[in-house]
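The values are calculated or read from the model by the stated rules, or taken from the named source; none is laboratory data. This structure is a prediction, so every number in the text was calculated from the model and none was measured. Here the Cβ positions follow ideal geometry from the backbone for every residue, glycine too, while neighbour counts run over all protein chains shown. Ligands, DNA and RNA are stripped out before the accessible areas are found, and what is left, the full protein with its side chains, is counted by its heavy atoms. Shrake-Rupley method; radii C 1.70, N 1.55, O 1.52, S 1.80 Å.
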Amino acid sequence: MRATLSVRRFLVLTSALLIAGCNRGPDATARPTVALVVKTLNNQFFVDMEAGAKAAADSLGLELIVQAPEREIDVERQMQIIENLIQRKVRVLMLVPNGSKEIVPAVVKANVARIPVVVVDSRVDDGTLKAAGGTVATFIGSDNEDGGRMAGAYLIERLGRTARVAILEGVPGHETADARLRGFRKALAGSPAMQIVASQPANMERDQAFNVTQNILQAHPDITALFACNDVMALGALEAIAAAGKGTAISVVGFDAQDDARKAITERRMAATIAQNPREMGRLAVLTAHRLIHGESVPAEQPVAISLIR
Amino acid sequence: MISSSTLRRIVRGRESGTTFGLLVLCVGLWIATPYFATAANLSNVAEQSAVIGVIAIGMTFVILTGGIDLSVGSLVALVSVVIGSALQRGVPVFAAVAIGLLAGVVSGALNGLMITRGPLPPFIATLGMMSVARGAALLLSDGRPISGFPDGLRALATGEVFGVPAPVVMMLTLYLLAYLVLTRTVFGRYMYAIGGNEEATVLAGVNVRRWKTVVYAISGLSAGVCAVLLVARLNSAQPIAGIGYELDAIAAVVIGGTSLLGGSGSVIGTLIGALIMSVLRNGLNLLGVSSYLQQVAIGVVIIAAVLIDMALRRRVQRSSR
């Protein structure tokens, strides 16, 4: 009996402490509350986005709640978080959807509760959204096509307008990589001496990129530049190039600015990569939320600048 | 064998502990945030608990017999994809759901057969099925989500019965059924008996193999019902759905006071266990607690629940002496 009582006391105390510790009194401050729901917080990209959003919220006097499911693939859990935040009556919902179609019912629920939805980084599927009668206030994110164009322009400048170029494509039909590819090809279209001699998919994977690059090097041992639609493939290509003894003869450009790629650039094994700016996305999202709360109109598309790292 | 009055006392004791925990949590949240104790939020919490709540019914049966079912999360994905592809091929909603549920029952029964007819312990058999079902779901769907379904299916998630969300009605109906099966039928008695002492139950002339297979088939069925709810909620069938649901279901069962050793526990406890997890997650969202701390809090609650369970068991043992 005594044991039971002490266990109960333990539970009561723990819950009380937990609740007291967490509650900063939502109504004690008159500051309007906004919420940012990201894909997961186990990824540096979203942790950076959170940091940008927090800084902006502090300077604008907004209360910011940042939540995410434990797993990036868990759309159901992300939907539950949104449902809960709707009950919390947040003024604006900023969202990086885990599933472009699956999240639509949650967006519609926010619409019904008259909470404006700011979509960040990954788009909500337009057709599904329209069919469900939902709306979003704005999309904030990077233009991947522009990033591809930037990569192309850099290679033109670096190699003096003349090169034999190989491309590692992403998963065929995957919008993000396709847009990067489109931009890159457009950039090169204006310089006829920049000749694309090979363009093959390596499905965003390192080992596939290694094999595909080895094959390309067999057929075209004279290439001087290689563009990969993400850094993971660029790193695989670097290994194949090193294995072929080509060292720095080929300028490799990737996309995403992963840590390993940045390291390869510092070590001069890789030429450049394209960096998105999650911190700026977070900042712009909160700025937009602030404008929405004050009844100002916001543009439907807000591109976030990307930068070249070399 | 245990007498029925002792059994009743154990059951009552366990549920009182869990219910007490739920009440503490609710009162705490009611004090901490004005957004918790609103009709809209409580209905929201109940709806969210349905997803894990439904799988946890089958899991309770399995654990009562002293087993475990790790495959339910993957079965959710498999059944989702089966329903999704059937709908895509123009099969009517009712038939597509029936085919999906059948797939769940068959996979569950296969688990049961591997365990009762073969030498495999439940942990290994269902661990294998976990991988097989996930792979099958990915194969069937080509790894892509299937979406865009008729309104008839969506109604299972969006509909209401006298103002109560349809998923809640579905969950409560299933719990009532499971409660009646466990307390009013011979099959229910067999489950407790198998978990309490399997050999003695075999010697008493009960066809243990058959009933255990049925138990795993029911677990597959409840994963199937969960899949129906999930597909209706997201309007999409995902081959990657349900990852980790087996652990959430086991947690609900354990918080609900059912012993992992088998032979004692109740389905009402499991319902309260599932509610505790949903209320906790809801409350932590409402309070804006960091996502990292939320995982810590859920772990703490599971451990605290088992501590209470053990303390209560000691009390029951002492008082029955």
Odd one out for residue B:253 among (1) open to solvent by 10 Å² or more (accessible area, probe 1.4 Å); (2) under 12 Å from the mean Cα position of the chain (by Cα); (3) among the β-branched types (Val, Ile, Thr): (1)
Filtering region A:130-151 for residues that are within 21 Å of the chain's Cα centre (by Cα) and open to solvent by less than 50 Å² (accessible area, probe 1.4 Å) leaves a count of 11
Just to verify a result, which residue in region A:121-153, among those that are assigned to a strand (DSSP E or B) and at pLDDT 95 or above, is farthest from residue B:233 (Cα to Cα)? A:140
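Yes/no matrix, rows are residues, columns are (1) within 30 Å of residue A:213 (Cβ to Cβ); (2) surrounded by 19 or more Cβ atoms within 10 Å (Cβ to Cβ); (3) among the polar types (S, T, N, Q):
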position	(1), (2), (3)
A:244	yes, no, no
A:252	yes, yes, no
A:255	yes, yes, no
A:271	yes, yes, no
A:276	yes, yes, yes
Scanning region B:88-98 residue by residue, those surrounded by fewer than 24 Cβ atoms within 10 Å (Cβ to Cβ) and either closer than 17 Å to residue B:239 by Cβ or not hydrophobic (A, V, I, L, M, F, W, C) (or both) turn out to be B:88, B:89, B:90, B:92
Considering only region B:157-168, how many residues are surrounded by fewer than 18 Cβ atoms within 10 Å (Cβ to Cβ) and either assigned to a helix (DSSP H, G or I) or in contact with a Gly (Cβ under 6 Å, 6 or more places away or on another chain) (or both)? 1
Would you pick out the residues in region B:289-310 that are among the small types (Gly, Ala, Ser), without any contact (Cβ under 8 Å) to a residue 12 or more places away in the chain and in contact with a helix residue (DSSP H, G or I) (Cβ under 8 Å, 6 or more places away or on another chain)? none
So residue B:129 fits all but one of (1) open to solvent by less than 70 Å² (accessible area, probe 1.4 Å); (2) more than 21 Å from the chain's Cα centre (by Cα); what number is the exception? (2)
Can you tell me which of (1) open to solvent by 10 Å² or more (accessible area, probe 1.4 Å); (2) farther than 18 Å from residue A:76 by Cβ; (3) not β-branched (Val, Ile, Thr) is the one residue B:216 doesn't meet? (1)
For region A:87-114 the number of residues that are more than 7 Å from every other protein chain (Cβ to nearest Cβ) and either free of Cβ contacts under 8 Å to residues at least 24 places away in the same chain or surrounded by fewer than 22 Cβ atoms within 10 Å (Cβ to Cβ) (or both) is 8
What number of residues in region B:281-292 are modelled with pLDDT of 90 or more, more than 7 Å from chain A (Cβ to nearest Cβ) and over 16 Å from residue B:22 (Cα atoms)? 0
Working only within region B:190-200, note down all residues that are in contact (Cβ under 8 Å) with a residue 40 or more places away in the chain and more than 12 Å from residue B:263 (Cα to Cα). B:200
Just checking, does region A:159-173 include any residue being within 11 Å of chain B (Cβ to nearest Cβ) and under 30 Å from residue B:227 (Cα atoms)? yes
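Residues checked against (1) at the interface with chain B (Cβ under 8 Å from one of its Cβ atoms); (2) at pLDDT 95 or above:
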site: A:22; (1), (2): yes, no
site: A:28; (1), (2): no, no
site: A:36; (1), (2): no, yes
site: A:40; (1), (2): no, no
site: A:57; (1), (2): no, yes
site: A:60; (1), (2): no, yes
site: A:65; (1), (2): yes, yes
site: A:76; (1), (2): yes, no
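So that you can scan it fast, the table gives a plain yes or no per residue for (1) touching an Asp or Glu at 6+ places or on another chain (Cβ under 6 Å); (2) open to solvent by less than 10 Å² (accessible area, probe 1.4 Å); (3) among the charged types (D, E, K, R); (4) touching a residue at least 24 places away in the same chain (Cβ under 8 Å):
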site	(1), (2), (3), (4)
A:228	no, yes, no, yes
A:234	no, yes, no, yes
A:283	no, no, yes, yes
A:302	no, no, no, yes
A:306	no, no, no, yes
Residue B:144 versus (1) assigned to a loop (DSSP other than H, G, I, E, B); (2) farther than 30 Å from residue A:127 by Cα: which is the lone unmet condition? (2)
Mind telling me which of the residues A:118, A:90, A:107 ends up being touching a helix residue (DSSP H, G or I) at 6+ places or on another chain (Cβ under 7 Å), farther than 30 Å from residue A:185 by Cα and outside any strand (DSSP E or B)? A:107
Suppose we filter B:107, B:85, B:74 for residues that are within 14 Å of another protein chain (Cβ to nearest Cβ) and at pLDDT 95 or above; which single one remains? B:74
Test for residue B:45: is it in contact with an Asp or Glu (Cβ under 6 Å, 6 or more places away or on another chain), over 24 Å from residue B:145 (Cα atoms) and either within 14 Å of another protein chain (Cβ to nearest Cβ) or surrounded by 21 or more Cβ atoms within 10 Å (Cβ to Cβ) (or both): no
Scan of region B:173-189 for residues that are outside any loop (DSSP other than H, G, I, E, B) and without any contact (Cβ under 8 Å) to a residue 24 or more places away in the chain, ordered by number: B:173, B:176, B:177, B:180, B:181, B:183, B:184, B:186, B:188, B:189
Please name all residue pairs, on different chains or six or more residues apart, with Cβ atoms under 8 Å, provided the first residue is in region A:50-66 and is over 25 Å from residue B:283 (Cβ atoms) and the second residue is surrounded by fewer than 17 Cβ atoms within 10 Å (Cβ to Cβ) and of a type in the set (D, E, K, R). A:61/A:31
Yes/no for residue A:214 being more than 21 Å from residue A:310 (Cα to Cα) and either open to solvent by 50 Å² or more (accessible area, probe 1.4 Å) or at pLDDT below 90 (or both): yes
Filter region B:229-250 for residues that are open to solvent by less than 10 Å² (accessible area, probe 1.4 Å), more than 7 Å from every other protein chain (Cβ to nearest Cβ) and assigned to a helix (DSSP H, G or I) and give the result. B:229, B:231, B:232, B:249
Say whether the condition of being at the interface with chain A (Cβ under 7 Å from one of its Cβ atoms), assigned to a helix (DSSP H, G or I) and open to solvent by 50 Å² or more (accessible area, probe 1.4 Å) is met by at least one residue in region B:302-310. yes
